[in-house]
Amino acid sequence: MLILEGAYIQEIERIKAYYSSINKSITDESAFEILILQYFFYKEKEIYLLNGKVDDHLTNGPNDGGIDLVYYDEDDEILSLVQCKTTNLSSDEIIDEFRKMHTTVQAFVNQNTGAYSDKLKRILQENLDRLPDNGQIEYHVFYLGNFDSNIFERKLKNSSISDLEDMINVSDLSMINTQISNIQDVTTKVSEFKADLDKAKNYLEYESAENYGVLVNISSNSLIRMYNKFKDKGLFDMNIRKFVPNKLVDNGIRKTLDSDRENFWFYNNGLIIACEDFEIDGNTIKIYNFSIVNGGQTTNLLGNYRGKNSQEFYIPCKVVFKKDNNKEKVNEFFTQIAETTNTQKPIKASDLKSNTPEMLTLRRALENHKIDFQIKRGERFRSNMIKIKNEEFGQLILSFVMQKPGTARSNKKALFENNSIYAAVYKKNYVASSQKMDFIVDMIKFYERYKRIVEEMKRDENLFELNAKDVLKNGTFIIFAIIGVLYRIHNNDIQSFKEAVDNPALLSENTFVFGKFISNYNADDLDDRIKKLIIELVLLIEERYTMLLENGEVTSVSNYFKTDKKYHEDLLKSISSKMLRERISKPIMEYSVFLKR
């Protein structure tokens, strides 16, 4: 019999109570799917923060192809397909769930989707179309049981989906409870443990004004005892990656445990233990109020090892503590170590540009306008400032100024990997020109208003029909490109959409005239005008998109918005012809009057 315990039970009840408070009744199964979406993908503490977003992801129901929810990570370009089970599952059943999901994806790739529900077709196709050529698909199974990675790995290797090993992730009840505790910050530490070392006085000390630490070689037998006693009692609570769903098995570690233990020290990065104090006595170390903040994967694999080799060996281990024993500062120290030592994302081209002169100069200049310009991944935004990432800024310039909304939406890597695009976006010497600086400040402030207004519009379920909702949700950069054309028309840089269509060179970044715009608009109806403009543009786009969808010329909004070519050769032409009608052009021009320089 499956015994449910821990944070899972409380959170399921909280989610059901929240939906009851908004007059919606949901099943335990639906609450479980929402819980997974909240804690594993959005990583939010409060369910209300997912308002208006849940239905964009849930696909569960008849003919769902084994997929309960879909989530696309724009930053890492990973599409996650998820199955949630409120029961225990055998390894064979887990493998079967992965097989179902993969079969469904292959059917969509081959455009053989007739057997699936309309909801799945809409949500899955939309997200598959968002995925760039070098994007990744990951399959997840979450279930309320106990996962045996050894049995699963053995069965997976002999299955028909063995080639999916790097794409599949399993999370059981223990992992789910751990993730909830991590997000809710309900953490504890191990109060005390004595571990054996390789030999007496064999340690390296290091000290700074605030911190102190030693590097020792800890016994594998001691680490196994530590794991067995405290794995669910704080041993990993300060490790931001103690729950690692995306790598089931580290084959290198297992191979070394099987046949090369005497060289484990050379092959493994070791552990980092953050504590409040420690004492070394001969060939032992006693550690107080501690957590393993790096090395959770090594510890888990060693603790769960079921091979025949029981030879003791030693593992490099850094033990550190903060001299100031203030609880808040100690916890901050633990978290900082965990964050900085667990950064395992590959280096991106954007990381290599983060300290370039143009990025640093732009950041300093925007600070003077209360804008926090993030140039490094993982930086924490400062409070009381408008927040924007450098890649978001680039996407806005690509759309509004350069008229390349397809690139902005579907190939944002080009911002940092394509030298000509990078130079056109970031090496404009904005600071040297008051007109350029005024423009980018206004553009960022306009974007901030736009995002807030769109979020409010998304919560109004009666505002748009389904296709228009998809346009609103996915069309930010297309809409910004169209507004960029309106900016040119209002300021007599061009005369009309038709002129832009007939002579595309007029929309190049070389012809763009910078200058402030919304800061010139002093009336108190700016939000209302922006909202009405968005509605008009969404309906214009939706009309053309729906016609193409019904004719089978596009598969989703993302497919329609994916390239600059479709924007210029189809959408702009469609808008150009419609703007010849006064009943359409008049309100659009009136609502967008705030674009005047």
Can you work out which of the residues in the range 79-109 that are hydrophobic (A, V, I, L, M, F, W, C) and either part of a loop (DSSP other than H, G, I, E, B) or out of contact with any strand residue (DSSP E or B) (no Cβ under 7 Å at 6 or more places or on another chain) (or both) is most open to solvent (accessible area, probe 1.4 Å)? Val109
Asn146: passes all of (1) exposed (fewer than 15 other Cβ atoms within 10 Å of the Cβ); (2) touching a helix residue (DSSP H, G or I) at 6+ places or on another chain (Cβ under 9 Å); (3) of a type in the set (S, T, N, Q); (4) closer than 30 Å to Ser558 by Cβ but (4)
Given the structure, is Lys586 part of a helix (DSSP H, G or I) and either free of Cβ contacts under 8 Å to residues at least 12 places away in the same chain or among the β-branched types (Val, Ile, Thr) (or both)? yes
Could you tell me how many of the residues in the range 376-398 are more than 24 Å from Arg488 (Cα to Cα) and open to solvent by less than 10 Å² (accessible area, probe 1.4 Å)? 1
Check on Leu131, open to solvent by less than 40 Å² (accessible area, probe 1.4 Å) and touching a Ser or Thr at 6+ places or on another chain (Cβ under 8 Å): no
Picking from Val513, Val557, Val593, Val538, which residue would you name as being aliphatic (A, V, I, L, M) and in contact with a His (Cβ under 8 Å, 6 or more places away or on another chain)? Val593
Within the range 547-560, does at least one residue satisfy the condition of being among the hydroxyl-bearing types (Ser, Thr, Tyr) and under 28 Å from Lys436 (Cβ atoms)? no
From Val401, Val441, Val431, Val454, which residue is open to solvent by 60 Å² or more (accessible area, probe 1.4 Å) and β-branched (Val, Ile, Thr)? Val431
Looking only at the range 560-575, decide whether some residue is without any contact (Cβ under 8 Å) to a residue 60 or more places away in the chain, assigned to a helix (DSSP H, G or I), open to solvent by 10 Å² or more (accessible area, probe 1.4 Å) and not hydroxyl-bearing (Ser, Thr, Tyr). yes
Count of residues meeting criterion [open to solvent by 20 Å² or more (accessible area, probe 1.4 Å), under 27 Å from Glu262 (Cβ atoms) and either among the hydrophobic types (A, V, I, L, M, F, W, C) or not in a strand (DSSP E or B) (or both)] in the range 182-229: 13
Note: among Asn429, Asn492, Asn390, just one is among the polar types (S, T, N, Q), at pLDDT 95 or above and farther than 20 Å from Lys531 by Cβ, namely Asn492
For the range 520-559, which positions are closer than 20 Å to Pro587 by Cα, open to solvent by 60 Å² or more (accessible area, probe 1.4 Å) and in a loop (DSSP other than H, G, I, E, B)? Asn522, Asp524
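The values are calculated or read from the model by the stated rules, or taken from the named source; none is laboratory data. Computed from a prediction, not measured in an experiment: that's the story for all the values here. Every residue, glycine among them, receives a Cβ derived from its backbone with ideal geometry; neighbour counts consider all protein chains shown. Accessible surface areas use protein heavy atoms only, side chains included; no ligands, DNA or RNA. Shrake-Rupley method; radii C 1.70, N 1.55, O 1.52, S 1.80 Å.
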